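Following: one structure in structure tokens, then a few remarks.
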Amino acid sequence: EEGGCAARRPRVTVDSSKAKTSLEALKISLRQLRWREFPFGRRLPCDIYWHGVSFHDNDIFSGQVNKFPGMTEMVRKITLSRAVRTMQDLFPLEYNFYPRSWILPEEFPLFVAEVRVMKDSDPSWKPTFIVKPDGGCQGDGIYLIKDPSDIRLTGSIQSRPAVVQEYICKPLLVDKLKFDIRLYVLLKSLEPLEIYIAKDGLSRFCTEPYQEPTLKNLHQVFMHLTNYSLNIHSGNFIHSDSVNTGSKRTFSSILCRLSSRGADVKKLWSDIISLVIKTIIALTPELKVYYQSDIPAGKPGPTCFQILGFDILLMKNLKPMLLEVNANPSMRIEHEQELSPGVFENVPSPVDEEVKVAVIRDTLRLVDPQKKKRKNTQQHIESGKNKVNVRYDSFTCCRYPTLERVSEANEELPDAGPADRPDHDTTRSPEASLPSLCLKQVFPKYAKQFNYLRLVDRVAALFIRFLGVKGTTKLGPTGFRTFIRNCKLSNSNFSMASVDILYIDITRRWNSMGIDHKESGMCLQAFVEAFFCLAQKKYKSLPLHEQVAMLIDFCEYHLAALDEKRPVCGRG
């Protein structure tokens, strides 16, 4: 009986057939956890599906999948810029961690006009701008300019939209080199919102000493662009087995160095946590629209979680600035090394392995589907003990340590073995042999400090309520009219004819921007713009965030009253 509890504990099953470049790090994590891997898929459902690219890599109907629907679209440079800009309109001071941005080609005239005004008001201002193609990655297509007239408008910008941002000219330097930080963030749940940040990340260095941009050095990518995929081709790139040296180091090694110079590292971490939470808050409204489209409420489907890569640049004054968010951060734990001209070999990268394996392994520990079952089993056993008032030492084998109490030891665990091993783990829980979690919960832990920012989340809830047909992401004219009518927003000064005109004008403009032509109707961003417009009409002479908050309260009040009436009518 003493061995019975452990023998009956089922092993978590993971489908890794679509893992792609994260496969090696995933395999190491699964061996450490002693979970069961299915590298070629499985006919029966698995507990967890690990995808390399997107939610739609496989048709999943149960379990958990490591991608959210719509995440790839949401963190594209243009969509991210729009989402952050909406929040900047509401809370400009709270969202000053994202560089001033313009979307090309649609905002090119605005970009030219605003730069001219700023130069006229401050003749000493000598800006540099960075142009980033919307769908680009690994530094592809990025270039620096000194004047709007330098933008390459011929052909490519029309077929390949881009974001142009004010370039951060005074970054923090280490060893006279510019660097950025790749931090790993786990979005464990969308509703309720649950966010974790890895305690360590990677610092990726440029390979030429930094100088502020001039017309002469604008094109020196190894000086200005921190992308690993670019700098690895530099003759100055240093592969190091040490976390403290080389062209790729751990973020913790940089923090130690800053701390030794007297920098306030605690404040820096606090600012980074704030940046991450605020960015996720900007992304969640539209993610919820995608989520309800792919996994409608009330229907069977998987739950989702996702590891995101936040690219952050530290300014000279240690202020963190968000560069971009990656839906599919590289989880490779090896790098290419040139043995002879044209002959390459993949060799292990200790720095990557130290950071990335811990992130994947501890993500899996947090989403462990057996954890809740073990907790319930333990509670059941404890209640049984209390009833009979007898101590059963033989049941201690069923007590598994919670994640907060895992050992600090980092023992090497035996191989989990091939997929044809038994489905039940007959040994003690591997949790006791694992180090403490490298992922720190920041939300809902700090929810009280940030919940006031979640206004657009509440607007998105109104949008989803009136979508009507399950699976759609756009609001039709009837749905918009129903929203206005149910929320009592039409009156003598704002007739239903005016409602229709507002809907047509805003929807037409957003559709002309090339935003998802698969469906006709009003997208969430267009609805948010219309909502802001209504708020400004109804509550004049107030800051925008107060106008929006008051209109949300007004709408929620009338909808709650409507919901109370319906059951009464039904009973009648």
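The values are calculated or read from the model by the stated rules, or taken from the named source; none is laboratory data. Model, not experiment: these values are computed from the prediction. When we count neighbours, we look across all protein chains shown, and the Cβ atoms used for this are built from the backbone with ideal geometry, even at glycine. Heavy atoms of the whole protein, side chains included, go into the accessibility calculation; ligands, DNA and RNA do not. Shrake-Rupley method; radii C 1.70, N 1.55, O 1.52, S 1.80 Å.
Descriptive notes on the structure:
- Each residue was assigned an accessible area with a 1.4 Å probe, and for L524 the value is about 10 Å².
- Between region 298-359 and region 478-502, the alpha-carbon center distance in angstrom: 47
- Calculated FRET efficiency, E556 to M513, Cβ-Cβ distance, R0 = 30 Å: about 0.50 to the nearest 0.05.
- Distances between placed amide hydrogens fall under 5 Å for T128 paired with Y167, all partners being 5 or more residues away or on another chain.
- Two-site label geometry, K216 and N493: point separation in nm, points 7 Å out along Cα→Cβ: 6.2
- Extension gain, D140 to E94, is 13.5 nm, computed as 0.36 nm per intervening residue step minus the present C-alpha separation.
- The distance between label points at N486 and Q337 comes to 6.2 nm (points 7 Å beyond Cα on the Cα→Cβ vector).
- Cut-off 11 Å, label 7 Å out along Cα→Cβ of R465, residues of region 535-553 by amide N: 552-553
- Relative contact order %, region 452-565, counting alpha carbon pairs below 8 Å whose residues are six or more apart: 30
- Global geometry of region 452-565, whether rounded, prolate or oblate, following the gyration tensor of its Cα atoms and the 1.5 cut on a/c: rounded
- Estimated FRET transfer efficiency (E564, A113; beta-carbon r; R0 51 Å; 0.05): 0.50
- Accessible surface for region 55-207, divided over its residues, is 40 Å² per residue with a 1.4 Å probe.
- Surface composition of region 452-565: carbon and sulfur atoms hold 57% of the protein heavy-atom accessible area at a 1.4 Å probe.
- Residue-normalised accessible area of region 452-565, expressed per residue, 1.4 Å probe, Å²: 50
- C256 contributes an accessible area of around 90 Å² to the protein surface, as traced by a 1.4 Å probe with all chains present.
- Between K540 and I501, the C-beta separation translates, for a Förster distance of 22 Å, into a calculated FRET efficiency of about 0.60.
- Among the listed pairs K319/K537; K67/K445; K132/K448; K27/K176; K176/K278, a Cα-Cα separation exceeding 26 Å is found for K319/K537; K132/K448; K27/K176; K176/K278.
- Simple spin-label estimate for E353 and V174 in nanometres, 7 Å along Cα-Cβ: 2.1
- Stretch gain in nm, segment T245-Q449, where the contour uses 0.36 nm per residue and the Cα spacing is subtracted: 69.7 nm
- Where K448, K267 fall by accessible area, highest first, once all protein chains stay in place (1.4 Å): K448, K267
- When nucleic acids and ligands are ignored and a 1.4 Å probe is applied, R152 ends up with an accessible area of around 120 Å².
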